[in-house]
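Take a look at the structure set out below.
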Amino acid sequence: MDKSSINIFNVPVYSIIHPSFPACDSTMNEHASLLRNSKQSIRTPSPWYAIFPMCLVAISGGALFAPHVQFYTEIFCDRYYNSHDTLSPNNCNIPEVHKMVSRAQAVIMFLNYGSTLLTARFYGRMSDRKGRISVFRISTIGSLLYVFCDIITARYSHHVGIYLLFLGPFLKGIMAGDSVLMANVQAYIADTTSSADRTMIFARLMAILFMGSSIGPLVGSFILKHTGSIVYIFYFAFIVDLLNVVYTSFILKESNKKNASEEVLDTTDRRCSFSISSVFGILFKTKSPHLSANALLFIALAEFLLTLVKRPPTLLYAMLKFKWTAYEGSLYLTAASFTRLIIVIIVLPLLLKLFTKRCPRSNMLSITREKQYKSTVSFDIWMVRIGIGIDVVCLALAGLATSAVLFATAGILQSFSMLCQPSIRSLLTTSVDPRQVGELMGAVAMLDALAMIISHLGINTLYSATVSTMPNVTFFVCAIIAAFSCTSSFFVKVTDCPRHTVDITKQTSCYSE
């Protein structure tokens, strides 16, 4: 990102004291985003350029989620009965088949997020040096290849076997997987928005994701109902991913304009770019001026623990206990995603409006502006605590559910936990210097990938070990992990920014390492 100096004669005093303070004055629009240039005014693209392809990603992923579970179940069901000299499967919803599916899913996710973990640092630096578009293009091509491997396996599994089931996720992960793509989108939004607008923009990103997640399963269930074959859902997802490749290649605009000062930082970074542990140094060394000590570390820890329980074996458990199919699973995902959509476009804005006051266009004293900024940060912190708390309760309720209705109700109520997602992203991006956003997003992407690896290896292993005796124990374990995440969020508190004497020549900042 651009790191040129700020013209202090056009910047209010509070913006020099705290570079993350959103400017209220109408003359400050050119300094509102993280991309700044003292030589000339740069027109930054709208954050919607990055949000739109995420809608396509959500539609494709939502359409594939439930069919993937049934697809894996059918493939390994055939292999199980063939190994027992039975020509046709009698019943695929048995613990033995579920064990095979659970283990296969663990391997698939390990290949996906393991390769993402190894390449997240590389793509984070590429995003800062060569622009955000390059990462978008690579990621969308990887998703296209993933679906292509599924199509080949679905059509010709008797000839090619199941090897492509594992090759596709590996290619998707190594070509800027989901965690890297989301981090890149967050960096794009940070480039093009001010800290005052960022929480709502992230909320709109979540809304688009949930809208896509509602459309995808609905279309998938419609296709499955009228064709009776999962392969047509793969064709639909392939077309959507192909449209995304075209969009990111020819329409998406660049948000990160490179300047000469970036080269100096690249040279410094290159010394430690091959050390994975060095990537997480920003979480320990960076001190946020408006949050308590080690706040960034506790925010990242809360996000890490929450990611661990992001994908419990909900559909597998429902297929076993309540005899769901991909059709019921798709309808459930549609209802849950639609509820999340309503929460982020209606509930969250109403809460934000009640909690904070609109920033007036007239000039304000720096102390008044600082109080308003603290109010916004306090809102984000409480949304994180409340959202994760809801996760804890609903995961426990899902494990206690004795009927499909109660189980689905617990899952839909869990949608209210999405209140924390935009706030977590806003807290992360406003807790570091604007020049460190790309580095931070690379660290967060690696944490997410590591969490997904541990999650799918641990949660799937736990489910396969208890599926014959007590399959719902997995939800109780997830609830306990979410409780630790909620506890971590209570170590994040708002503090006063240290008062520095503003030196016009040195432009003192509150950020320190």
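One chain, two ends: Thr461 and His84. Fully extended at 0.36 nm per residue, the span grows by 133.4 nm beyond their Cα-Cα distance.
Backbone amide hydrogens, once placed in the peptide plane, bring Lys287 within less than 5 Å of Ser512, excluding anything fewer than 5 places away on its chain. Just so you know, the Rg over Rh for the range 115-175 is 1.12, from Cα atoms, with Rh as the Kirkwood radius. For the range 392-432, the C-alpha radius of gyration divided by 2.2 N^0.38 Å, with N the number of residues, is 1.59. If you plug the beta carbon distance of Phe476 and Lys253 into 1/(1 + (r/R0)^6) with R0 = 56 Å, you get a FRET efficiency near 0.75. Legend: calculated FRET efficiency, His158 to Phe222, from the Cβ-Cβ distance at R0 = 25 Å, rounded to 0.05, equals 0.35. Within the full protein context, the accessible area of Phe166 is estimated at about 50 Å² for a probe radius of 1.4 Å. Element breakdown for the range 62-138 at a 1.4 angstrom probe: carbon and sulfur atoms account for 56% of the accessible area. Solvent-accessible surface of the range 196-242, taken per residue with a 1.4 Å probe and all protein chains present: 40 Å². Packing, taken as the mean count of other beta carbons within 10 Å per residue, orders the peptides 150-160, 178-188, 125-135 from highest to lowest as 178-188, 125-135, 150-160. The gain in end-to-end length when the Phe122 to Leu243 segment is fully stretched comes to 41.0 nm, 0.36 nm per residue minus the alpha carbon separation. Beyond 29 Å in Cα-Cα separation lie the following of the pairs Lys172/Lys493; Lys172/Lys323; Lys353/Lys493; Lys253/Lys287; Lys253/Lys374; Lys253/Lys310: Lys172/Lys493; Lys172/Lys323; Lys253/Lys287; Lys253/Lys374; Lys253/Lys310. In this label model, Tyr235 and Leu354 are separated by 4.9 nm, measuring between points 7 Å along each Cα→Cβ vector.
If you sort Arg311, Arg103, Arg385, Arg79 by accessible surface, 1.4 Å probe, largest first, the order is Arg103, Arg79, Arg311, Arg385.
Potential lengthening of the chain between Lys310 and Lys374 amounts to 20.1 nm, from the contour at 0.36 nm per residue minus the alpha-carbon distance.
Using a Förster distance of 51 Å, how high is the FRET efficiency between Trp48 and Leu406, based on the Cβ-Cβ distance and rounded to 0.05? For Trp48 and Leu406, the calculated efficiency is 0.85.
The values are calculated or read from the model by the stated rules, or taken from the named source; none is laboratory data. Keep in mind that what you see is a predicted model, and the values were worked out from it rather than measured. In this analysis, Cβ positions are derived from the backbone assuming ideal geometry, glycine residues included, and neighbour counts consider all displayed protein chains. When the accessible area is computed, the model is the full protein with side chains, heavy atoms only, and any ligands, DNA or RNA have been set aside. Shrake-Rupley method; radii C 1.70, N 1.55, O 1.52, S 1.80 Å.
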